[in-house]
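The structure appears below as structure tokens.
Bear in mind these aren't lab numbers, they're just calculated from the coordinates by the rules spelled out. The shown structure was predicted, so the numbers you read here are calculated from the model rather than taken from an experiment. Here the Cβ positions follow ideal geometry from the backbone for every residue, glycine too, while neighbour counts run over all protein chains shown.
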Amino acid sequence: MTAGALTIAGCFLMVAFPEIAVNGCRSGLNLFAGTVLPTLFPFFVAVNFMIRIRLPERIGHLLEPAVRRVYGCGGIGAFIFIVSAFSGYPMAAKLVGDYCRAGKLSPLEGKRILSFSCVSGPLFLVGTVGCAMLGSAACGYLIALCHYAAALLNGLLFGRILLPTETAVASGSGTTVGTSLASGARRRSAAEDLSDGIISAFRSLAQICGYIVIFSIASEFLQFSGLLAALPRPWNGAVMKGVLEMTMGCDAAARLTRISGPFRLALCGFFLAFGGLSIAGQSLSMLAESRIESRFYLCMKFCHGCLAAFLTMTAAMFSQRLGMLDAATGLVYGSDREAVRVLGGIHSLIFSARSVGCIIALMAVLMAIDRLLYTVEKKIIQMKEKRRRENV
């Protein structure tokens, strides 16, 4: 009934104030088309393809002992962390959800992996937040370093202290190619795997687009209501925006001039680690039917945000004493804010075009390696079968 009442109220507001709703929808679609789609789509296609040829399971088998010893989860967690660190939200939630639904990860193991692998991408941390918003790449690198360090500490906190100590039965490297070959299953072609990966990528990006538009409209109505201007302290509005959506929160925090530089960076560090309710909605949609509760995800991301804010504040204060952040608190866009946004979108498109070329080359190499491994494994299975028949 609460959800129904909120939906009716939202429809009434959009009918009563159509201009605000249209502006919020247009802003969300521009953000998705100019930044999210060109940067995430190549990663989604490549990762889906690698999953279908079971490359993560082979990598996880190699890293299993070290990751199991440190974080109490399968080696597939290392692969998920690496991919998420390159592509950003909500890649970790997508991968964990896919593996949990396939039965290759238990919910407990999925929670442990999420606690240290659910991170933002370096391009956004250094480029957008550091250079464009804070006016310094040094600030971006400092925030990024603390962001990933806090994620690894968060994994230790949840994996070794807060979550149950029993190890999960399922492992990321449980299903082998040899099993599928021995069972007589038809081997899918690389073209079929790539097509399925593209379709899955579009399905995931459609969900992300919907959440971005919804929260963009909500932020427009929040700004229109005058609630942010009525808050007692200047940084309270930035906190409200950051809890709703991390990009708006970082933008608002970067514009604050009446607070210290380290506190400003700490606010950005918290917003980026927590992700906001928009990222939470996107991630929880990816975790559907994985038996990972929404309250766990929100609690885990809040702890990550607190750790990131503490580390960022400490590192910023230390760096400021050394004179490393003297010129790192000014904005690079004031009156020319829109021009910087346009250039940022063009930069994302260029980055994506280069990524596509690299990913195509990577796929070709992976297809060749996969074919070689398949041939070798098939020979081994045939030799074992021949020996078994001779012994009989």
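Odds and ends about this structure:
- Scoring 16-28, 47-59 by mean Cβ neighbours within 10 Å over their residues and listing the highest first yields 47-59, 16-28.
- Label-to-label distance, nm, for residues given as Ala206 and Phe17 (7 Å Cα→Cβ offset): 3.1 nm
- Kirkwood-type radius of the range 79-173, with distances r between different C-alpha atoms, in Å: 14.1 Å
- Extension reserve of the Val365-Lys386 stretch, reckoned as 0.36 nm per residue once the Cα distance is removed: 4.4 nm
- Sorting 379-388, 194-203, 153-162 by average packing, meaning the other beta carbons within 10 Å per residue, from highest down gives 153-162, 194-203, 379-388.
- Centre separation in Å (Cα based) which lies between the range 5-82 and the range 84-101: 6 Å
- Rounded Å value of the spacing that divides the Cα centres of the range 103-125 and the range 234-286: 21 Å
- Solvent-free Debye scattering, log10 I(q)/I(0), computed from the Cα coordinates of the range 26-134 at q = 0.13, 0.20, 0.21, 0.23 Å⁻¹: -0.52, -1.03, -1.10, -1.24
- Length added when fully stretched, Asp196-Ile8, from 0.36 nm per residue minus Cα-Cα: 64.0 nm
- Under Karplus coefficients 6.51, -1.76 and 1.60, residue-wise ³J(HN,Hα) of the range 232-240 in Hz, glycine/proline x: x, 10, x, 7, 5, x, 5, 5, 4
- Cα-based shape type of the range 1-49, given that a ≥ b ≥ c are square roots of the gyration tensor eigenvalues and the cut on a/c is 1.5: oblate
- Rounded to the nearest whole Hz, the Karplus-based 3J(HN,Hα) values (6.51 cos²θ - 1.76 cosθ + 1.60, θ = phi - 60°) of the range 375-384 follow the sequence 5, 5, 5, 5, 5, 5, 5, 5, 5, 5, with x at glycine and proline.
- Backbone phi angles across the range 291-304, fed through the Karplus curve with coefficients 6.51, -1.76 and 1.60 (θ = phi - 60°), yield HN-Hα couplings of 6, 9, 6, 5, 5, 5, 4, 5, 5, 5, 6, 5, 4, 4 Hz in residue order; Gly and Pro are listed as x.
- Proximal charge balance of Ala309 [Cβ under 15 Å; K/R count +1, D/E count -1]: +2
- Between the amide H of Ser136 and those of Cys131, distances stay under 5 Å, these residues lying 5 or more places away or on another chain, with hydrogens modeled in the peptide plane.
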